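The values are calculated or read from the model by the stated rules, or taken from the named source; none is laboratory data. All values derive from a computational prediction rather than experimental measurement. Cβ coordinates were reconstructed from backbone atoms using ideal geometry, including for glycine residues, and neighbour counts include every protein chain displayed.
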């Protein structure tokens, strides 16, 4: 079966190794453009462009390619798609000239009320059909390729009868969109829910991977919590290397959203480690590998 998304992916740029743009880290990020290839922004923080946010985004655009990672698409919700939100998002994507846009395979709203959390969906055939229709509509309205991210979660929703990898595969194929593969989320879920993370990756539609996320997590007793507020651990780096060897990935991003280290050099060191893994596993991701620190 032909795929418009796969055809579009072949023309997407290789962005390299990037970092999430956070207000608290902005000055250090702008001063470290030799060590960072691209930036990811939360679009909801920049939709009403004005003041410091506008200045920060304009500065970022002058130094880096930028991709959005949204939290309010709520692609699995029973609420109607928020077309005002998507229209505003289009303007932002046009401004930053984003090659693609991303959000989460989850729901974040009920009856028009935003829950401020990424909640898992029932892994069912009914959900697959529902999400496919909404993802296709959202992608058509925005007019750019959409990537959906596998989320971390801590319980199986009622009425789930599909394996998660098959659930993701069916949605991405049916909606003809892409995958933002978060390897930390795979690892966290594998420990909490007791499955093999490598087999999980093998079972995904890897030809649809465009971007990957790497992040740290915390432990509370026997439970791992996806926090984006700690150093990345070796098993997650190992999973990244494995995934890179089995995909044609366009971009890898380090997520650090809280509990920032005292020295920004700690963040740069993690980016350099990711770069070394990329160079060893899939060097084509780095279009400017020789000009960045490695």
Check: Do you know which of the residues in segment 133-163 that are at pLDDT below 95, within 19 Å of residue 203 (Cα to Cα) and in contact with a strand residue (DSSP E or B) (Cβ under 9 Å, 6 or more places away or on another chain) is surrounded by the fewest Cβ atoms within 10 Å (Cβ to Cβ)?
Finding: 153
Check: Failed condition for residue 185, given (1) at pLDDT 95 or above; (2) outside any helix (DSSP H, G or I); (3) in contact with a strand residue (DSSP E or B) (Cβ under 9 Å, 6 or more places away or on another chain), with all others met?
Finding: (2)
Check: Restricting attention to segment 206-216, which residues are touching a residue at least 60 places away in the same chain (Cβ under 8 Å) and either assigned to a helix (DSSP H, G or I) or surrounded by fewer than 23 Cβ atoms within 10 Å (Cβ to Cβ) (or both)?
Finding: 207, 208
Note to self: Among the residues of segment 217-231, what is the count of those that are over 27 Å from residue 98 (Cα atoms) and not in a strand (DSSP E or B)?
What the structure shows: 4
Next item on the list: Kindly list the number of the only condition in (1) over 29 Å from residue 32 (Cα atoms); (2) in contact with a strand residue (DSSP E or B) (Cβ under 7 Å, 6 or more places away or on another chain); (3) surrounded by fewer than 21 Cβ atoms within 10 Å (Cβ to Cβ) that fails for residue 107.
Entry: (3)
Checklist line | Members of segment 259-274 found to be assigned to a loop (DSSP other than H, G, I, E, B) and either exposed (fewer than 13 other Cβ atoms within 10 Å of the Cβ) or in contact with a strand residue (DSSP E or B) (Cβ under 6 Å, 6 or more places away or on another chain) (or both), listed by number | finding: 259, 262, 263
Notebook entry, point to check: Name the residues in segment 56-80 that are assigned to a loop (DSSP other than H, G, I, E, B) and surrounded by 17 or more Cβ atoms within 10 Å (Cβ to Cβ), would you?
Noted result: 64, 65, 70, 71, 72, 73, 74, 75, 76, 77
